[in-house]
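Q: First, the structure itself, so that you have it in front of you.
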Amino acid sequence: MATRNAMESCIISTTDGECLQARIFKPPQETIQNGTAIVLVHPYSKLGGCQGLMQGIALRLSIKGYTSITFDMRGVGRSTGRCSLTGFAEIEDVVSVCKWVSQNLPANKILLVGSSAGAPISGSAVDKVEEVIGYASIGYPFGLAASFLFGRHHRAILRSRKPKLFIMGTNDEFTSVEQLEKKLTSAVGRVQAHLILGVSHFEMEGPAYDARIADLFADFAASLKDEQPA
């Protein structure tokens with residue numbers, strides 16, 4: 001009889017006392033890839049971002065053999081607390097989830113993924129968790145207007161020496177291709193960018209691109225197989 005991937009729900013506590021609703025997408029046992037789990041951070045809470053936006057990608061990654069975790073940051077869904085304007089409180093959510101994953105799941109390495117505002121938030125968490133071996137983003141908001149909210153996060157990911165992948169549509173409303181390329185010239189370590197022609201920021205968040213983005217994440221995760229936790 002063929003085995004199937006499974007989804008489980010759980011509650012993860014943060015060090016400052018919040019309770020986060022999370023879902024774990026487990027691959028069939030025979031497909032598990034190299035002990036790497038993928039933690040996915042959803043878009044901006046104040047604009048309706050929630051873990052449901054990441055679950056299509058998480059499901060596809062689990063089919064490809066990667067245990068994947070989505071969660072609602074504080075103040076979203078049934079997670080406790082209040083969401084913040086600039087995403088700094090939510091860094092603790094990401095760190096707590098990653099540490100929980102490293103302690104409770106059969107994975108000694110983590111690829112940390114963020115979408116839209118979840119990209120700068122997760123980028124600020126990358127070097128706070130030694131088990132995180134790489135970072136990937138969907139539509140990182142590097143543009144001028146978005147930088148009023150998230151600009152203070154930029155330095156953390158650009159200075160991190162962990163491998164990085166930036167995925168963006170060429171019609172992104174918050175960041176132009178020129179702005180992305182200029183920012184990445186200052187990044188250290190291994191940096192990759194993948195542009196999807198003619199696609200906007202919010203189209204990238206929709207289910208039409210889940211399969212393509214999951215393929216890119218799976219390929220990037222596979223390229224990290226020789227990376228070791230710091």
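Quick note: the coordinates plus some simple rules give every number you see, no bench work behind them. Bear in mind that the values here come from a model prediction, so they are computed numbers and not experimental data. FYI the Cβ positions are ideal-geometry reconstructions off the backbone, even for glycines, and counts take in every protein chain you see.
Q: In a GNM of the chain with a 10 Å cut-off on Cα contacts, which of Lys64, Lys182, Lys26 has the highest mean-square fluctuation?
A: Sorting by GNM fluctuation, first place goes to Lys182.
Q: Under unit Cβ charges (Lys, Arg +1; Asp, Glu -1), what dipole magnitude, rounded to 20 debye, does the chain have relative to its Cα centre?
A: Dipole of the chain, to the nearest 20 debye: 260 debye.
Q: Same structure, new question: For Val132, list long-range residues whose amide hydrogen, built 1.01 Å from N in the peptide plane, is under 5 Å from its own amide hydrogen.
A: For Val132, whose amide H was placed from the backbone, the distant partners under 5 Å are Ile110.
Q: How large is the direction-averaged shadow of the alpha-carbon convex hull of region 126-195, in nm²?
A: Averaged projected hull area, Cα only: 4.4 nm².
Q: Using Cα springs under 10 Å in a Gaussian network model of the chain, which residue among Gln51, Gln192, Gln21 shows the largest mean-square fluctuation?
A: With Cα springs under 10 Å in the chain, the top fluctuation among Gln51, Gln192, Gln21 is at Gln192.
Q: Beyond 18 Å, how much of the Cα-Cα pair distribution for region 181-230 remains, as a whole percent? Mind dumping the intermediate values first?
A: Details: 600 of 1225 pairs.
Every Cα pair in region 181-230 considered, those over 18 Å come to 49 percent.
Q: What translational D, rounded to a whole number of µm²/s, comes out for region 7-223 from Stokes-Einstein when the hydrodynamic radius is the Kirkwood one over Cα pairs, at 37 °C and 0.692 mPa s?
A: Values: Rh = 16.8 Å.
Rounded to a whole number, D works out at 196 µm²/s.
Q: Calculated from DSSP H runs of 4 or more alone, at -39500 (n - 2.57) each and per residue, what is the 222 nm mean residue ellipticity of the chain, nearest 500?
A: On the way: 8 runs with 73 residues, N = 230.
So the helix-based figure for the chain works out to -9000 deg cm²/dmol.
Q: Let me ask something additional. What residue among Thr36, Thr15, Thr175 shows peak mean-square fluctuation when the chain is described by a Gaussian network model with Cα springs under 10 Å?
A: Thr15
Q: Would you pull out the residues with amide H under 5 Å of His194's amide H, same chain only if 5 or more places away, H placed 1.01 Å from N?
A: When sequence neighbours closer than 5 places are left aside, the close amide H contacts are Phe166, Ile167, Met168.
Q: Now for a separate question. Points 7 angstrom from Cα along the Cβ direction at Ser200 and Phe88: gap in nanometres?
A: Those two pseudo-labels are separated by 3.2 nm.
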